[in-house]
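Student: Quick one: the structure is below, and I'll ask about it shortly.
Only the coordinates and a few stated rules stand behind these numbers; no lab work does. Since the structure is predicted, the reported quantities are computational estimates derived from the model, not experimental observations. Note: ideal-geometry Cβ built from the backbone for every residue, glycine included; neighbour counts use all protein chains shown.
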Amino acid sequence: MDYIVSGHGGRWSAPEDRVIVPAGFTVKLYVRDGEILQNTSAWPIYNHLLAGDTTRYAAVHTVFEGGSLYNYSCWNYPELGYNSCVVNVGAISPRNPIINLAAYPGSAPLSLKTMFTMLSPGCIHWVACRSVD
């Protein structure tokens, strides 16, 4: 299974929280740590992944199983409507997401560490910011 994470995203500078990518997972990130993924860049990546095209846009950073990365969190981006979600690559429509980020406001975000426990192994395409607060 491959997944798209679409919403607000980032991490906190303190405490520094890292996570080890579990067996069977890969995480592809489309912007550098500390940066914002602008909507003008995010929409084309998201739309191609939603259509099942995983080759059109290259990830800026890829972390394979056993690798370490910051424990990024994602949360609802109301302006995206139903596109603020975790959905399968190739789903064509996000109308039936695996995880609806409307349940995860900025005050209670969904961490990557928790996401690993909610999803079957596969590739997570992080089409969200990696801002640092």
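Student: Would you mind checking region 110-131 for residues with the amide N under 13 Å from a putative spin-label position 7 Å along Cα→C-beta of ALA51?
Tutor: Zone members listed by number: none at all.
Student: Please compute the contact order of the chain in relative form: average sequence separation of alpha-carbon pairs under 8 Å and at least six residues apart, divided by the residue count, as a percent. Walk me through the intermediate numbers first.
Tutor: On the way: 301 pairs, mean separation 63.4, N = 133.
RCO, the chain: 48 percent.
Student: Neighbouring Cβ atoms within 10 Å as the yardstick, rank MET115, MET1 fewest first. Present the calculation step by step, with values, prior to reporting the outcome.
Tutor: On the way: MET115 23, MET1 13.
With the fewest neighbours first, MET115, MET1 line up as MET1, MET115.
Student: What does the charge dipole of the chain about its Cα centre add up to, to the nearest 20 debye, if the Cβ of each Lys and Arg holds +1 and the Cβ of each Asp and Glu holds -1?
Tutor: 120 debye
Student: Follow-up. I want to check the label-to-label distance for TRP12 and TRP43. Put each point 7 Å from Cα in the C-beta direction and report it in nm to one decimal.
Tutor: Result for the modelled spin labels: 3.3 nm.
Student: Shifting gears a bit: Looking at region 3-72, which GluC sites (Glu not before Pro) are in a loop (DSSP not H, G, I, E or B) and have at most 14 other Cβ atoms within 10 Å? Please list the in-between numbers first.
Tutor: Values: sites: GLU16, GLU35, GLU65; in loops: GLU16, GLU35, GLU65.
The qualifying sites are GLU16, GLU65.
Student: What does the charge count near GLY67 come to, summing +1 for each Lys or Arg and -1 for each Asp or Glu among other residues with Cβ under 15 Å from its Cβ?
Tutor: Working: positive: ARG18, LYS28, LYS113; negative: ASP33, GLU65.
Around GLY67, the surrounding residues sum to +1.
Student: From the Cα trace of the chain, what convex hull volume per residue do you get, rounded to a whole Å³? Provide the component values of the computation, followed by the final result.
Tutor: On the way: hull volume 12.5 nm³, N = 133.
Spread over its residues, the Cα hull of the chain gives 94 Å³ apiece.
Student: If you restrict to DSSP beta bridges whose two residues both lie in the chain, what percentage is antiparallel, to the nearest 5? Don't skip to the end; give the middle numbers.
Tutor: Working: 18 of 30 bridges.
Antiparallel: roughly 60 percent of the beta bridges in the chain.
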